[in-house]
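Written out below as structure tokens is the structure these notes cover.
The values are calculated or read from the model by the stated rules, or taken from the named source; none is laboratory data. Treat the numbers as computed from the prediction; the structure is a model and nothing was measured. Note that each Cβ is placed from the backbone with ideal geometry, even for glycine, and that neighbours are counted across all protein chains shown.
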Amino acid sequence: MVWHSVLTEGIIGIFDITILYNSTLHGFVPMSVSWLHFVFWNIEVFASLDIIFFQVQIDPEVKHKLKLQALLYPGLQVIDTSLPSHRDNEHGVVLTRDIAIKLVSLFFTKDEALPRAMRKNQHMPLESRHLFRFVNWSTLLPDKYRKDHEYTEPVLGKSAYSLPALMDPRALPLLADDARLQHLPRTYILTCQYDVLRDDGIMYVARLQNVGVPVSHDHVEDGIHGALSYMTSPLYLQLGLRIKDMYVSWMDKNL
Ligand SMILES: *[C@@H]1O[C@H](CO)[C@@H](O)[C@H](O)[C@H]1NC(C)=O
């Protein structure tokens with residue numbers, strides 16, 4: 001029951017913003033914010049899709065303010081596709097790096113050249129250089145996750161791609177500068193160890209904490225991407241149930 005009421009309130013809360021927000025984005029976002037915030041498991045269960053996470057940023061045109069945001073194994077950037085979690089989970093359960101790249105690139109274009117360039121991590125234009133400090137995992141990731149991976153500077157301007165959408169912080173929350181991030185509400189982030197998207201979430205925790213946003217972070221050591229979808233038939237994974245409990249108990253305390 002708790003689960004239901006939390007979910008419903010969440011959806012209603014987000015819908016207001018979706019309508020406003022879509023009007024500012026004008027066809028740029030093919031799916032509404034609400035889908036991704038609170039019906040995330042429906043996407044995975046019914047459409048088998050896992051998509052970059054659209055977050056409502058503080059935007060002068062958005063009148064409604066969120067009380068909180070809860071992100072479960074979110075994807076928050078696409079400019080660096082060679083994070084330690086991408087390397088460690090290249091052949092990950094459920095979500096391989098290749099599938100993640102394919103799905104994410106479909107959000108922006110059908111042109112195969114984008115995923116091709118993303119696989120090489122050479123898809124960003126020269127004018128995106130200033131954004132890479134926001135995803136600089138050599139400083140934003142704790143040692144535990146960085147392990148012995150070596151940071152390499154971005155290779156820019158190698159592909160014909162210059163899609164402004166790839167640099168838009170409204171779609172890719174990690175690309176927002178500190179001045180924007182500091183206005184975000186109390187945040188819950190859950191990350192899974194065996195997930196290509198792990199480091200997006202962990203870097204976001206660091207960035208939000210750096211600007212004083214209250215963040216609760218649960219890291220699931222035996223977690224896999226999308227685990228919440230597998231708490232029901234036919235899999236009934238305990239892992240999914242544990243994640244649901246963590247998420248719901250945080251919502252209970254903070255909603
Ligand atoms: C990332 O951080 C390292 C270490 O502080 C620094 O040397 C490097 O220039 C940074 N790169 C970018 C793109 O921010």
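Determine whether the range 127-141 contains at least one residue that is closer than 21 Å to A70 by Cβ, surrounded by fewer than 18 Cβ atoms within 10 Å (Cβ to Cβ) and either polar (S, T, N, Q) or touching a Lys or Arg at 6+ places or on another chain (Cβ under 9 Å) (or both). Among the residues of the range 127-141, not one is closer than 21 Å to A70 by Cβ, surrounded by fewer than 18 Cβ atoms within 10 Å (Cβ to Cβ) and either polar (S, T, N, Q) or touching a Lys or Arg at 6+ places or on another chain (Cβ under 9 Å) (or both), which makes the answer no.
Of all residues in the range 209-246, which are among the hydrophobic types (A, V, I, L, M, F, W, C), over 17 Å from the mean Cα position of the chain (by Cα) and modelled with pLDDT under 90? Of everything in the range 209-246, those that are among the hydrophobic types (A, V, I, L, M, F, W, C), over 17 Å from the mean Cα position of the chain (by Cα) and modelled with pLDDT under 90 turn out to be M231, L235, L237, L241. One residue stands out among those in the range 159-177 that are away from the ligand (no atom under 16 Å from the Cβ) and without any contact (Cβ under 8 Å) to a residue 60 or more places away in the chain: the one that is surrounded by the most Cβ atoms within 10 Å (Cβ to Cβ), which is Y161. Please tell me if V78 is modelled with pLDDT under 50 and either touching a His at 6+ places or on another chain (Cβ under 9 Å) or not polar (S, T, N, Q) (or both). The answer is no for V78. Scanning the range 115-142 for residues that are under 15 Å from Q77 (Cβ atoms) and more than 10 Å from the ligand (Cβ to nearest atom) gives M118, N121, H123, M124, S128, L141. Number of residues in the range 143-158 that are within 26 Å of Q193 (Cβ to Cβ) and either more than 14 Å from the ligand (Cβ to nearest atom) or touching a His at 6+ places or on another chain (Cβ under 6 Å) (or both) equals 4. In the condition set (1) in contact with an Asp or Glu (Cβ under 7 Å, 6 or more places away or on another chain); (2) at negative phi, N121 is compliant with all but (2).
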